[in-house]
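Okay, so here's the structure we're looking at.
Where a number appears in this text, it was derived from the coordinates with a stated rule and is not lab data. All values reported here derive from a predicted model rather than from experimental measurement. Here the Cβ positions follow ideal geometry from the backbone for every residue, glycine too, while neighbour counts run over all protein chains shown.
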Amino acid sequence: MNNNTHHIHALELGPMENFVYLLHDEASNKAAIVDPAWDVEQIIQLARAKDIEITDILLTHSHHDHVNGIEHVLNQYDAQIHLLKDEARFWGAQLEKPTLHHGGDIIKIGESEIKVLHTPGHTPGSACYHIGDHLIAGDTLFVFGCGRCDMTGSDPEQMFNSLKQLRTDLPNRTILHPGHNYAPTDPTSTMAAQKEGNPFLHFEQKKDFVKYRMQVHDRIRSTPYTAVSKEEALASIA
């Protein structure tokens, strides 16, 4: 994905269809790698082929399938790790001098500015990264889906609030880049398409969202996720 100052490279890696992203600032030729996991050597080789220097590691959350390649990156680059303070507390890992953030912070990679959004629900310190017209969403928001809320540290009520904030604040033109490839065809999507067809963005009442997320969704849907109308979503919890 191109913008005037940056390019987003994506590789699908590992047995869980994870996306690992390289946020490349074209002016400086520096980049941040988002959620390094699985065969991260592939994305390192991509960076080397384009003479890109990896200077930073951005974590959307701390689950193993999103962080198991950190050591491999650090063995080859003196990269700074970034995550939310709430996630560092939840994770408890002994990281070497990480930069801890709060929602609203700005991370600069060369001339590119990345806004940190605190989006708890999947984990207490889950983050999305907003750069230009693009959202790197981790396991907060998928194409026509959202992250699980039945795990340690998960909270469906927090997820409802986080998704409501994304739905309200992000322009329709925003391009969603999820943490996993659960889409039927195109692995990315506009927020306009998500507002129209993502069932988790259809609920106005928190109790209805919680019922759908915790009791209904996993019984009636499986990947790849497809669009669901608001009428269908509401009918499923009746």
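Run the helix sum for the chain: -39,500 (n - 2.57) per DSSP H stretch of 4+ residues, divided by residue count, reported at 222 nm to the nearest 500 deg cm²/dmol.
Roughly -6500 deg cm²/dmol at 222 nm, from the helical runs in the chain.
Using only the alpha-carbon atoms, how far is helix 156-169 inclined from the longest principal axis of the chain? Give it as 0 to 90 degrees, nearest 10.
That helix lies at roughly 70 degrees to the long axis.
Give the residue from Val210, His63, Gly110 lying farthest towards the positive end of the charge dipole for region 6-236; charges sit on Cβ (+1 for Lys and Arg, -1 for Asp and Glu) and the dipole is referred to the Cα centre.
Farthest towards the positive end: Val210.
Using the Cα centre of the chain as the reference point, and only Cβ charges (+1 on K/R, -1 on D/E), how large is the resulting charge dipole? Debye, rounded to the nearest 20.
With only Lys, Arg, Asp and Glu charged at Cβ, the dipole is about 720 debye.
So, in Å, what gap is there between the alpha-carbon centers of region 185-227 and region 125-144?
Answer, in whole Å: 15.
How big is the dipole moment of region 132-219 about its Cα centre under a simple scheme where the beta carbon of each Lys and Arg is +1, that of each Asp and Glu is -1, and everything else is neutral? Debye, nearest 20, please.
Charge dipole, region 132-219, about its Cα centre: 180 debye, nearest 20.
Order by neighbour count: Leu84, Leu166, fewest other Cβ atoms within 10 Å first, most last.
In order of increasing Cβ crowding within 10 Å: Leu166, Leu84.
Tally the DSSP beta bridges in the chain and give the antiparallel ones as a percent, rounded to 5.
Working: 30 of 45 bridges.
Beta bridges within the chain, antiparallel portion: roughly 65 percent.
Within 10 Å of each candidate Cβ there may be at most 14 other Cβ atoms; applying that plus a DSSP loop requirement, which GluC sites (Glu not before Pro) in region 28-136 survive?
When the GluC sites (Glu not before Pro) of region 28-136 are filtered for loop state and at most 14 Cβ neighbours within 10 Å, Glu96, Glu111 remain.
Please give the length that would be gained between Thr168 and His72 if that part of the chain were fully extended, namely 0.36 nm times their separation in residues minus their C-alpha to C-alpha distance (nm, one decimal).
30.8 nm
With unit charges on the beta carbons (Lys and Arg positive, Asp and Glu negative) and the dipole taken about the Cα centre of the chain, which residue among Tyr225, Gln94, Leu23 sits farthest to the positive side?
Selected residue: Tyr225.
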